[in-house]
There are 4 protein chains.
Amino acid sequence: MLNRVILIGRLAQDPELRYTPNGVPVATFTLAVGRQYTNRQGERVEATDFIDIVVWQKLAETCTNHLGKGRLVAVEGRLQVRSYDDSQGIRRKAAEVVANDVRFLDWPKEARGSSTGGSKTTEGENFASEISFNEDEIPF
Amino acid sequence: MLNRVILIGRLAQDPELRYTPNGVPVATFTLAVGRQYTNRQGERVEATDFIDIVVWQKLAETCTNHLGKGRLVAVEGRLQVRSYDDSQGIRRKAAEVVANDVRFLDWPKEARGSSTGGSKTTEGENFASEISFNEDEIPF
Amino acid sequence: MLNRVILIGRLAQDPELRYTPNGVPVATFTLAVGRQYTNRQGERVEATDFIDIVVWQKLAETCTNHLGKGRLVAVEGRLQVRSYDDSQGIRRKAAEVVANDVRFLDWPKEARGSSTGGSKTTEGENFASEISFNEDEIPF
Amino acid sequence: MLNRVILIGRLAQDPELRYTPNGVPVATFTLAVGRQYTNRQGERVEATDFIDIVVWQKLAETCTNHLGKGRLVAVEGRLQVRSYDDSQGIRRKAAEVVANDVRFLDWPKEARGSSTGGSKTTEGENFASEISFNEDEIPF
DNA sequence: TTTT
DNA sequence: TTTT
């Protein structure tokens, strides 16, 4: 009856934009969310959770146009767990955050004084490659 | 740098309690979280997300002792995505919410006027059966 | 850039519905949110925070029609701090949660087996009595 | 029974550190949280909410030592509404977020290429000046 | 009283 | 001013 996720992290790669058969834009990217904890031996450990994000409609296009790998964002959305069959026909479970809001928390690499930056070329496929999106996931 | 999940839903089955090799208690259960939306045809649709929850230490024991299938709770925690190999050796991704807080929002079935209720017998195994828990997941 | 509040508590009184000069419905009520802590002497203490809630438009009417004193709800919204002059001309600061979502977590008193219940008569005025609402507070 | 606030914004002034009679450190600062909305005339409007933050113990010292006016942070905590008598003996209501976590989201001004920066001199008093803090507010 |  |  309530399903709310708030994440702050950096894009692990550029957003990937596609369209449903009905022409609805969907963007996907993975967010790297850092975490620190103290382990059994009392040592300070850094870990990173990689969390898949799905963004729909106008926000999908805004994210694709203005965000890239490494950018810091706050994502607000809903956790969704899904079952699907992968390309080998194996049943898999996937979990993503369906975002209804993405806030940009830093400036693009260019503006931060980087040299090359923002190539917008995605190497490899992100988590969305084997999934057929359901428009009923749209969070509004 | 921030990873926060808040869920309200009902337990899909009784919590299952186990212990790590070091004797740390871990409870697991699946939460059924309802959701309504309007589909493309303008119809009101009810859907349910089933989200796996992991609870550690004293709270694990409290949940196991006081909660059962059908109970309404609010869960606060962190979203965690993990890779593991299942019993057929297939690499799988799992996602759970590691709870640091669980609030009981209704009264046990008995107190609500049910007849049998609260047998505490779990039929089958829940999502935790193939997973070896890492104590570093403990959220504090 | 992000302002998110999630509360679970019970209505301290029935919602009060009014309308802006433009005819936009606004409902207000106070939420009693329990909290436990251990004080300096190691004793377990119960405290309650009373938090003012503002609800706009259709949700305002839904809340007024279906909620009453004592009902358990989850409120999601935005924290808003406002300055205003009270009836004695003293400048005061007020804080409310402007809700964009209210979930009903229990059943009305009648359905719970109460005898009298749900009179819907509000004794006294709630916090909204001295405030002129600004439609720009509407959270969408 | 649940009281959770998550804010992202910039410090409106340097944190102010004080100590309770028992020597417990408390830091206070005001957070400027931006917000955009579209008004009745269809114009895009920028508004800022100024929200008071209270931080206790070790985190109070960390914030005071490492944060200053203008810094971007994520604050997680609990909304607290309090009554107190101001210096003229007028009963006032105050609302703050008692933070249990503060994440630093940008780098100090110096590291961002500013010239003077970080003077750490607070002009005027912040909201805490008339309040006597209650150690029972400590969020754990 | 206010931040970018 | 307050809810269970």
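No lab work stands behind these numbers, since they all come straight from the coordinates. Bear in mind that the values here come from a model prediction, so they are computed numbers and not experimental data. With ideal geometry, Cβ positions are generated from the backbone for all residues, glycine too; neighbour counts draw on all protein chains shown.
Which residue, C:Glu96, C:Glu43, C:Glu110, has the most motion in a Gaussian network model of chain C that connects Cα atoms within less than 10 Å? Of C:Glu96, C:Glu43, C:Glu110, the Gaussian network model singles out C:Glu43 as fluctuating most. Plainly put, the tip 7 Å out from Cα toward Cβ on C:Pro21 is 5.0, 5.3, 7.3 nm from that tip on each other copy, the closest given first. In this structure, the pairs whose alpha-carbon distance is over 28 Å, taken from B:Lys58/D:Lys93; A:Lys58/D:Lys109; A:Lys69/B:Lys93; C:Lys58/C:Lys109; C:Lys109/D:Lys93; A:Lys58/C:Lys58, are B:Lys58/D:Lys93; A:Lys58/D:Lys109; C:Lys109/D:Lys93. Judged by the gyration tensor of its Cα atoms, with axes a ≥ b ≥ c, segment C:1-74 is prolate; a/c meets the 1.5 cut and a/b is the larger of a/b and b/c. Could you grab the relative contact order for chain D? Cα pairs under 8 Å, six or more apart, rounded to a whole percent. Over chain D, the number comes to 27 percent.
Does the protein assembly as shown come out rounded, prolate or oblate by the C-alpha gyration tensor, with a ≥ b ≥ c the root eigenvalues, rounded set by a/c under 1.5 and, if not, prolate when a/b is larger than b/c and oblate if not? It would help to have the intermediate numbers written out before the result.
On the way: a/c = 1.33, a/b = 1.13, b/c = 1.18.
Since a/c stays below 1.5, the shape of the protein assembly as shown is classed as rounded.
Return the single residue from C:Gly70, C:Gly23, C:Gly42 with maximal mean-square fluctuation; model: Gaussian network over chain C, springs between Cα atoms under 10 Å. With Cα springs under 10 Å in chain C, the top fluctuation among C:Gly70, C:Gly23, C:Gly42 is at C:Gly42. Mean partner shielding of peptide B:90-96, defined as the number of other chain Cβ atoms within 10 Å of each residue Cβ, is 5. Other protein chain C-beta atoms within 10 Å of residue C-beta, averaged over A:76-82: 5. Label-point distances for A:Asn39 to the equivalent site in the other copies, using a point 7 angstrom along Cα→C-beta, read 4.3, 4.8, 5.7 nm when ranked shortest first. The length gained on full extension between D:Thr20 and D:Ser132, counted as 0.36 nm times the residue separation minus their Cα-Cα distance, comes to 39.5 nm. Here the simple spin-label model places points 7 Å from the Cα toward Cβ, and for C:Glu110 and D:Lys58 these points are separated by 5.5 nm. Taking the helices alone, chain C has a mean residue ellipticity at 222 nm of -2000 deg cm²/dmol, built from -39,500 (n - 2.57) per DSSP H run of at least 4 residues and averaged over all its residues.
Is chain D best put as rounded, prolate or oblate by its Cα gyration tensor, with a ≥ b ≥ c the root eigenvalues, rounded for a/c under 1.5, and otherwise prolate when a/b is larger than b/c, oblate when not? Show your work: numbers first, answer last.
Values: a/c = 1.58, a/b = 1.14, b/c = 1.38.
Here chain D falls in the oblate category.
Label-point spacing at D:Arg92 relative to the other copies reads 1.3, 5.8, 5.8 nm, in ascending order, each point sitting 7 Å out from Cα along Cα→Cβ. Among chain C residues, the one whose Cβ is nearest the axis of the rotation from C to D, given with its distance rounded to whole Å, is C:Ala95, 2.
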